[in-house]
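The values are calculated or read from the model by the stated rules, or taken from the named source; none is laboratory data. Note that the coordinates shown come from a computational prediction; the quantities given were computed from them, not determined experimentally. Every residue, glycine among them, receives a Cβ derived from its backbone with ideal geometry; neighbour counts consider all protein chains shown. Side chains included, ligands, DNA and RNA excluded: accessible areas come from the protein's heavy atoms. Shrake-Rupley method; radii C 1.70, N 1.55, O 1.52, S 1.80 Å.
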Amino acid sequence: MNGGIQECGLQAKLDQTIRLLDQAQDQFAPDIVFACSFGAEDVVLIDLISRQAPSIRIVTLDTGRLPQATYDVMDACRKRYGVDIDVYFPDAGEVEQMVRKHGLNLFYHSVENRKRCCEVRKIHPLRRALAGKKAWITGLRREQADSRQAMAAIENDGHFGIKKFNPLIEWSQDDVWAYIREHDVPYNALHDQHYPSIGCEPCTRAITVGEDIRAGRWWWENEEGVAECGLHANPLKK
Ligand code: SF4
């Protein structure tokens, strides 16, 4: 989290990220979106996209269960960069049906219910956000999880049938924070309270020293593997 961009050797990775964003914009705009959840990686990408590739639209999913700090950083980015952010909500009828049948806190009751909730609140809205698009951009980094080791900077996303760009794939956590500090990028206040990975409020907790950076996501599911919600077509916990 310290050292400038030059000092920590980030410049080469940054150049590569900018090349990837240029390529994504040239090849696919206007049929490409950046799916942003306003974590540390995502605010770096908003900063870069607003300057380097402004034809790429920014979309986000409001699951209805986000922490206030996420709405705050969303507004801060809108104000700072003057960008439009297309917010996609879950289908109200689907949420009502799910909650009537399984309760508001269904995700704590079983893995199946947690997947059901992610499906209704995240996957279906993401499908709408990507409908008719030819490519999307994510803030995924390889070191975030074992399930992300094999990911490449540009992939064919079999799940959604479009191209997927991961322009921060080679960045470390220190790289991300060096960039945020250097460019004074607005970031989610929960990161200062030991939340390296931030999702829905009831499904995210702070981590302690020595824990995996995604240990605070769906922590009650005491199974092997690091948690994924299904947005990135990798298996959920084994
Ligand atoms: S992260 Fe939790 S609250 Fe959010 S959609 Fe998934 S199960 Fe539901």
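Explain nothing, just the number: dipole magnitude of the chain about its Cα centre with +1 on each Lys and Arg Cβ and -1 on each Asp and Glu Cβ, in debye rounded to the nearest 20. Please list the in-between numbers first.
Details: 30 positive and 35 negative charges, 149 e Å.
Computed charge dipole of the chain: roughly 720 debye.
Could you state how much accessible area residue 163 has, in square angstrom rounded to the nearest 10, with a 1.4 Å probe and all protein chains kept in place?
Spelled out: residue 163, probe radius 1.4 Å, area about 70 Å².
Out of all Cα-Cα pairs in the chain, roughly what percent, to the nearest whole number, are more than 25 Å apart? Write down the numbers at each step before the final one.
Values: 11346 of 28203 pairs.
Tail fraction, whole percent: 40.
From largest accessible area down, sort 179, 108; use a 1.4 Å probe on the protein chains. Walk me through the numbers before you get to the answer.
Details: 179 0, 108 100 Å².
Highest to lowest solvent-accessible surface, that is 108, 179.
Could you order 165, 89, 28 so the one with the most accessible surface comes first? Probe is 1.4 Å. Mind showing how you got there, number by number?
On the way: 165 5, 89 105, 28 30 Å².
Most to least solvent-accessible, the answer reads 89, 28, 165.
Compute, for residue 221, the solvent-accessible surface of its heavy atoms (probe 1.4 Å) with the complete set of protein chains present, and express it in square angstrom to the nearest 10.
Answer for residue 221: close to 10 Å² accessible.
Carbon and sulfur together cover what percent of the accessible area of the chain at a 1.4 Å probe radius? Mind showing how you got there, number by number?
On the way: 5380 of 11220 Å².
C and S fraction of accessible area: 48 percent.
For the charge dipole of the chain, defined by +1 on Lys and Arg C-beta atoms and -1 on Asp and Glu C-beta atoms about the Cα centroid, which residue among 30, 99, 43 has the Cα displaced farthest towards the positive pole?
Going by the Cα projections, it comes out as 99.
With all protein chains present and a 1.4 Å probe, how do 75, 146 order by accessible area, largest first?
Numbers: 75 90, 146 130 Å².
Solvent-accessible surface, decreasing: 146, 75.
Counting helices only, and only those DSSP H runs with n ≥ 4, report the 222 nm mean residue ellipticity of the chain as the sum of -39,500 (n - 2.57) divided by its residues, in deg cm²/dmol to the nearest 500. The partial results should precede the final answer.
On the way: 7 runs with 82 residues, N = 238.
For the chain, the value works out to -10500 deg cm²/dmol.
Measuring with a 1.4 Å probe in the full set of protein chains, what accessible area per residue, in whole Å², belongs to the chain? Walk me through the intermediate numbers first.
Values: 11220 Å² over 238 residues.
Dividing the accessible area of the chain by its residue count gives 47 Å².
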